[in-house]
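Shown next, in structure tokens, is the structure this report addresses.
The values are calculated or read from the model by the stated rules, or taken from the named source; none is laboratory data. Please read these numbers as outputs of a predicted model, since none were measured by experiment. Neighbour counts are summed over all protein chains in view; Cβ atoms, including those assigned to glycine, are modelled from backbone coordinates with ideal geometry. Just so you know, the surface numbers come from the protein's heavy atoms only, side chains and all, with ligands and any DNA or RNA stripped out. Shrake-Rupley method; radii C 1.70, N 1.55, O 1.52, S 1.80 Å.
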Amino acid sequence: MHLLIFAILFPFLAAALIPLIHRRLGPLNIGWLVLAVPFILFGIFAWQIPGISSGDTIAATLHWIPSLGINFSIYLDGLSLILALLITGMGTLVILYSIYYLSPTDSLPHFYAYLLLFMGAMLGVVLSDNLLVLYVFWELTSISSFLLIAFWFHRKNSRYGAQKSLLITVFGGFGMLAGFLMLHTMTGTFSVREIVSTIGQYSDHGLFYPAMFLVLLGAFTKSAQFPFHIWLPDAMEAPTPVSAYLHSATMVKAGIYLVARFTPVFGGTSAWFWTVTLVGLVTLFWGSFCAVRQTDLKALLAYSTVSQLGLIMSLFGMGSAALHFGDGEAGAVYGLATFAALFHLVNHSTFKGALFMVVGIVDHQVGTRDIRRLGGLMAFLPITFTFAVIGSFSMAGLPLFNGFLSKEMFFTASLNAAGLPAFSAETWGWLIPVIAWTASVLTFVYCMIIVFRTFFGKHQPKKLDKKPVEPPFGMLVSPAILSILIVGVFFVPNLLGDHLLRPALNGVLPGITGAAPHISAWHGFNTELWMTIGIIVVGFLLYKYLRIWKKVYAIIPEGWTFNALYNKFLESLEENSNRLTSKYMTGYLPHYFAYIFGFFILAAGGTLLLTGALSIDFSTDTPIPSYEVILAVVMAIAAIAILFVKSRLTSVLLNGVLGYSIAIFFVLFRAPDLALTQLVIETVTTALFLLCFYFLPEWKPEAASKNLKIRNAVIAVAGGLTVTLIALSVRAGNLYDSISSYYENAYELAGGKNIVNAILGDFRGFDTMLETLVLFIAGIGVYTLIRIKGGKETRKNED
Amino acid sequence: MKINDVILKTVSQAGVLIILTFGVYLFLSGHNQPGGGFIGGLVLATAFVLMFLTFDSETVNKAIPFDFKKISALGVLLAFSSSALPMFFGQPFMSQTFGYFDLPIFGKTELATVTLFESGVALTVIGVVVNIITSISEDE
């Protein structure tokens, strides 16, 4: 097995082992064992850096369903490697942090199992070359995110946030799936690499733009882009390590990864450039605008994440212009934006991860994250304060921190884009740097709020639950490592640039050379530097007079937010579907049978008539022996008698007569497998019936009106007639070629003389496998319906 | 549901053994003769159901301390994982193979990977059928 395939499966295997071993561990926190998983994986991926940075790529394939073009193909290039290193690296730090953050009363095995599930799924997303495999992993990240947000499921807000994130991201995921299928229709392959190499000839195809927008829908919902950003703030109900990991460093970057991965497919078109850039810029502005007004530190960080994701997104949009110009000077100029995007992607993970951990420490040590109750903590938490300053100043784009470098590059890119001589950027292009600058001012303001409102000002011990002290050493290790990275990257940015970002750039903009710059902190007094200085000055003034201009937020009325729209939509959806459902779900069994048989008669009988398959020919039939006639008469009598009996027991027994007679027919027609199955099924069903009757109230003959009886009789007779006609015309109507000859070779192909089982277990094994699953789900369903009732468990939950 | 019936109990004790043997026979013979995972599992399940009907569930649970929910889960897991296994040997999902081996006592015997898959099916059927019947019968 290839090492990279193992890398994806390893977290899943580890997650499966957790329930088996966690009880045997005693007092040892299971997190210490789990910590090994991302750490080993990080080692594996770090080991690939030299090869990838010299321009190699790694591919491996497991054949899954080759007949449908679905294979478990792994492809590692520079872009995937960056994401893989982020997933495993941040994973290590976050798990280390969570060991100290979570209390022992939380269900740790669940937490770590979900987290590992997420890690494996996320690695699957960034390493898959096959679109359908990517989609499966994509949805798996949504599901594990759902489970982690609802980790404290007794809280109402947690459940609300989890549902919201699931609904929005899965909605986008479905759109993306449709986009993938369109790509497959166009190019005939699910492999991303093959699509990239052949898409050039399909740019005039009618499905090209629908596919593009659907793929973008998936990316925008996942990466919380405007107007789908509303799920991210509510996702903050998750434990802080989860927020740091999923909702800032990794999962929300999946959408950005998708945009980067598909830039070679759709990039270079005007639609892609403007959609990605504008959605990114609007998100950037709106996120930072909303962040300033937040009073909960985590909500503030959530909006700031939305805003920063918008920044990265818009950079990928601007960078796609390079593909319009192709290799050359212009390509290199606009390609810089993509380089900046990749750079900021890494930087954002470091500073936002650190900030989330800082907020987690404050929450953990003080008992609140409300900035109205915080203040003056610098004296109590000096180490945490240092990390907060490093993280915030990096996010604000101040020098000495890595955020400064990528922020300057962002300004360069936006100024370049303003003068873009294509995509009719001449008229509106100037808006790009303006929005970029305005949003950056607001970013500066909320970064100052994080630092100054929490750590400066007056300490208010009366408003706090606990006396603040520094957390245990282990909790400080992860933010410390991230802070060192933030400062380290500023001083040696080219180490990162040359070994990781440059190869990744080749993956996003293939064929564009010379776009990767030599990163330097100082390039003289140019426009970008003046923009930064302007941000500091204006931002400081805005922060100082926040109280005065904060009234701006009151302009938008309460009911006009996207959140209200979402809530209203959900409410009316529930109401209307309830109304619709209660119209036909009467709780009365005969009604349901009428629907089922009515549909069957119309669909099956209608097909029979319309396709002209109805043809009955008795001429080639073998003569019917007398014992078969007797058996048929017995069955008919039993069936008719069921209608008139007055007790349940008798009707069940008569039903049994029917079943066993069918089994005898199977014997007569030499189908021993069917006969055996029928016999045992009949026995089990009878036992089940008898058990159920034990609990039913006494049987009363129902008083049905004459009309109802006639209607039921018509449906019954028509149903029986349809089945009979189908059975009689089966032999005559050969609409398709027979497939039975394939199965005749069962002994050579499957080594079994029993052709029935060779079909069930081998030729049509896929059906059997899924039937097993359906059976299992049915069993669990019956169990939960009967056994689990609203007991103590549910009463603890908030409604 | 408690029944105190000496004849039923005595007959069941012998009957269960016969049914269980028959179920295992059906399961193993399924490759070349009538039988197989589904029907084998179903027959085994009826043996357990007969036990639950004859004796009260406490006694049966003491005698066979399995959680039938877990057995059905194990079955699904086995069916899926045995299907995925060929992928790691360079074959497509759900590829099955067979071979003839000389075993002591049995002589020349055919061993097929489909047996693993079929045991998954059988375990699921046993688990689900027993689980449904006991859930319904024990409902208060």
Next item on the list: Working only within the range A:154-184, note down all residues that are within 11 Å of the chain's Cα centre (by Cα) and closer than 14 Å to A:PRO233 by Cβ.
Entry: A:SER165, A:ILE168
Note to self: Every residue in the range A:672-695 that is facing another protein chain (nearest Cβ under 9 Å), among the aromatic types (Phe, Trp, Tyr) and more than 44 Å from the chain's Cα centre (by Cα), please.
What the structure shows: A:TYR694
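Tally time: how many residues in the range A:645-669 are polar (S, T, N, Q), open to solvent by 40 Å² or more (accessible area, probe 1.4 Å) and farther than 30 Å from A:VAL756 by Cα?
Adding up the residues that qualify gives 2.
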Notebook entry, point to check: B:THR115 fails exactly one of the following numbered conditions: (1) open to solvent by less than 20 Å² (accessible area, probe 1.4 Å); (2) part of a helix (DSSP H, G or I); (3) at the interface with chain A (Cβ under 9 Å from one of its Cβ atoms). What is the number of that condition?
Noted result: (1)
Item checked: Residue in the range B:121-135 that is more than 17 Å from the chain's Cα centre (by Cα), at the interface with chain A (Cβ under 10 Å from one of its Cβ atoms) and within 19 Å of A:VAL684 (Cβ to Cβ) present -> yes
Checklist line | A:ILE70 vs. criteria in contact with a strand residue (DSSP E or B) (Cβ under 8 Å, 6 or more places away or on another chain), open to solvent by 30 Å² or more (accessible area, probe 1.4 Å), over 19 Å from A:PHE10 (Cβ atoms) and within 14 Å of chain B (Cβ to nearest Cβ) | finding: no
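Could you tell me whether any residue of the range A:523-545 is in contact with a Phe, Trp or Tyr (Cβ under 6 Å, 6 or more places away or on another chain) and aliphatic (A, V, I, L, M)?
Yes, the range A:523-545 contains at least one residue that is in contact with a Phe, Trp or Tyr (Cβ under 6 Å, 6 or more places away or on another chain) and aliphatic (A, V, I, L, M).
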Checklist line | Check on A:ASP737, more than 7 Å from chain B (Cβ to nearest Cβ), over 30 Å from B:SER135 (Cα atoms) and modelled with pLDDT under 90 | finding: yes
Next item on the list: Considering each of A:ILE548, A:ILE556, A:ILE533 in turn, give the residue that is within 25 Å of A:MET313 (Cα to Cα) and of a type in the set (Val, Ile, Thr).
Entry: A:ILE533
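Grab the helices (runs of 4 or more DSSP H) fully contained in the range A:678-771, keeping just those with 2 or more residues being aliphatic (A, V, I, L, M) and more than 30 Å from B:SER83 (Cα to Cα).
So the answer is A:706-729.
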Next item on the list: Exactly one condition in (1) touching a Leu at 6+ places or on another chain (Cβ under 8 Å); (2) farther than 20 Å from B:GLY36 by Cβ; (3) crowded, with 16+ Cβ neighbours inside 10 Å; (4) among the aliphatic types (A, V, I, L, M) is not met by A:VAL684; state its number.
Entry: (2)
Checklist line | Residues that are part of a loop (DSSP other than H, G, I, E, B) and among the acidic types (Asp, Glu), drawn from the range A:448-502 | finding: A:ASP465, A:GLU470
Check: Being under 18 Å from A:MET236 (Cβ atoms) and either open to solvent by 20 Å² or more (accessible area, probe 1.4 Å) or within 12 Å of the chain's Cα centre (by Cα) (or both), is that true of even one residue in the range A:117-133?
Finding: yes
Checklist line | So B:PRO104, is it under 23 Å from A:GLY779 (Cβ atoms), of a type outside the set (Ser, Thr, Tyr) and more than 7 Å from every other protein chain (Cβ to nearest Cβ) | finding: no
Check: Out of all the residues in the range B:26-80, which are more than 7 Å from every other protein chain (Cβ to nearest Cβ), among the β-branched types (Val, Ile, Thr) and closer than 17 Å to B:VAL121 by Cβ?
Finding: B:ILE71
Notebook entry, point to check: Which condition number in (1) loosely packed, with under 13 Cβ neighbours inside 10 Å; (2) assigned to a helix (DSSP H, G or I) is the one that A:LEU674 fails?
Noted result: (1)
Notebook entry, point to check: Of the residues A:SER729, A:SER705, which is closer than 25 Å to A:PHE600 by Cβ, at pLDDT 80 or above, of a type outside the set (Val, Ile, Thr) and open to solvent by 50 Å² or more (accessible area, probe 1.4 Å)?
Noted result: A:SER705
Next item on the list: Pick out the one residue from A:GLY51, A:GLY43 that is surrounded by fewer than 18 Cβ atoms within 10 Å (Cβ to Cβ), more than 26 Å from the chain's Cα centre (by Cα) and within 24 Å of A:PRO241 (Cα to Cα).
Entry: A:GLY43
Note to self: Restricting to the range A:740-754, name every residue that is more than 10 Å from chain B (Cβ to nearest Cβ) and not small (Gly, Ala, Ser).
What the structure shows: A:TYR742, A:TYR743, A:GLU744, A:ASN745, A:GLU748
Notebook entry, point to check: Give me the pairs: first residue in the range A:439-455 and more than 22 Å from A:THR283 (Cβ to Cβ) and open to solvent by less than 10 Å² (accessible area, probe 1.4 Å), second residue β-branched (Val, Ile, Thr) and part of a helix (DSSP H, G or I), beta-carbon distance under 7 Å, and six or more apart or on different chains, which are they?
Noted result: A:VAL451/A:VAL389; A:THR454/A:VAL362
Notebook entry, point to check: In the range B:81-101, what residues are surrounded by 15 or more Cβ atoms within 10 Å (Cβ to Cβ) and either in contact (Cβ under 8 Å) with a residue 60 or more places away in the chain or within 7 Å of chain A (Cβ to nearest Cβ) (or both)?
Noted result: B:SER83, B:MET87, B:GLN91, B:PRO92, B:PHE93, B:MET94, B:GLN96, B:PHE98
Item checked: Output for the range A:400-459, where each listed residue is charged (D, E, K, R) and under 21 Å from A:LEU323 (Cα atoms) -> A:GLU426
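Against the definition (more than 14 Å from every other protein chain (Cβ to nearest Cβ), open to solvent by 40 Å² or more (accessible area, probe 1.4 Å) and touching a Ser or Thr at 6+ places or on another chain (Cβ under 8 Å)), how does A:ILE616 come out, yes or no?
In short, yes.
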